[in-house]
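Trainee: What follows is a structure written as C-alpha cells; I'll ask about it next.
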Amino acid sequence: MTDRHAAALTYTSYLALDEVLTAQHPRSDDHDEMLFIVIHQVYELWFKQLLHELRHLQERLSSGDTAHSVRTLRRALTILKVVVAQIDVLETMTPRQFTSFRARLEASSGFQSYQFRELEAVLGRREPSVLENYPPESTSRDRIERAMRRPSLFDSFLTYLSVQGYPVPTDRDPTRPVEPSEKVQRVLLEVYRDDSGPSTVAELLVDLDEGMQEWRYRHVKMVERTIGGKAGTGGSDGAAYLRGTLFQPMFPDLWAVRSEL
C-alpha cells in the first residue's frame, strides 16, 4: 500500500529544498568560498525573478494596463534594491579571503551569467559581442539572441503610450539599441505635462534605470576593493570593463527631457 504521508506535499518538497541546499559545491576547504557560492546562486534566483516580472510588465504595458504596470514595476524595483544590498554581504570578504580560493574558479566568471545578459537585452542592450562567451547552439546563447530580437522594455513602454493615445513614432527597429529621439522626447514632454498614469509609469522606469546604474556602480566598487586592478576570472578585464558600463542610461529619452520640464 502506498504511504499517503510519503507523497504528501511538504515545505521541503514544494521548495525542492533537497536540491537547492545541496547545490553548493566548494572546490576548496576555505571557509569563505561557501559565502561566495551562495551569494551568486541567490543573485541568479533574483535575476530569474526579475526576468519573470519584466515579461509580465511588458505584457501589461502592451495592453495599456496602467495599474498592473505600476504594481509590477514597484515589485521589480524592490527586488533590485535587494540585489544591490547583497553586495554589502560580499564586501565582508577581504581581498586575502577571496584570494585564498580564487584560483579554484579557473575560467568561470560572472561575465558568463546568461540570465544577466538576457536581463540587459530585455532592458534594451543590443551588443552582439556579449554572445562570444556562450557556445554556438547553446540554450544560453539562444535565450540572449532571442531577447535581443524581441521588443525591449522601452519599446513596450512606447506601445503603452500609443494605446493611451499619445502620437508615438512607429519607425523604431526593436533589434537596434535604444537611442535618443527628439520625436519620442516631444511625446514624453506631453506625458509629463498631463501628469497622469503614464507619467507615473515613466517615473518608475527612471527609478529602474537609476537602480540598474546603482547596481553597476556598487558592483565595480566591490570588484575594485576585492581584486584592485587585477584581471577578472576567466581572463576578463575585471574592474576596467565594469567602469566602462557606468553612467550609460537604458532609457536616454527619459533623462533627456528632464531639462525641459
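The values are calculated or read from the model by the stated rules, or taken from the named source; none is laboratory data. Just so we're clear, the structure is a prediction, and the values are computed from it rather than from any experiment. For neighbour counting, all protein chains shown are included, and Cβ atoms are generated from backbone atoms with ideal geometry for every residue, glycine included.
Trainee: Can Thr22 be described as among the polar types (S, T, N, Q), modelled with pLDDT under 95 and out of contact with any helix residue (DSSP H, G or I) (no Cβ under 8 Å at 6 or more places or on another chain)?
Mentor: The answer is no for Thr22.
Trainee: So, one more: Filter the stretch 54-64 down to the residues that are crowded, with 17+ Cβ neighbours inside 10 Å and of a type outside the set (A, V, I, L, M), then identify the one that is farthest from the chain's Cα centre (by Cα).
Mentor: If we take residues in the stretch 54-64 being crowded, with 17+ Cβ neighbours inside 10 Å and of a type outside the set (A, V, I, L, M), then Ser62 is farthest from the chain's Cα centre (by Cα).
Trainee: Oh, and also: As an exercise: evaluate Pro198 against (1) part of a loop (DSSP other than H, G, I, E, B); (2) crowded, with 18+ Cβ neighbours inside 10 Å and give the number of the one condition it does not meet.
Mentor: (1)
Trainee: Within the stretch 201-210, can you find the residues that are surrounded by fewer than 18 Cβ atoms within 10 Å (Cβ to Cβ) and either within 13 Å of the chain's Cα centre (by Cα) or among the polar types (S, T, N, Q) (or both)?
Mentor: Of everything in the stretch 201-210, just one residue is surrounded by fewer than 18 Cβ atoms within 10 Å (Cβ to Cβ) and either within 13 Å of the chain's Cα centre (by Cα) or among the polar types (S, T, N, Q) (or both), namely Glu210.
Trainee: Could you say whether any residue in the stretch 144-154 is within 20 Å of His40 (Cα to Cα) and either in contact with a helix residue (DSSP H, G or I) (Cβ under 7 Å, 6 or more places away or on another chain) or among the aliphatic types (A, V, I, L, M) (or both)?
Mentor: Yes, some residue in the stretch 144-154 is within 20 Å of His40 (Cα to Cα) and either in contact with a helix residue (DSSP H, G or I) (Cβ under 7 Å, 6 or more places away or on another chain) or among the aliphatic types (A, V, I, L, M) (or both).
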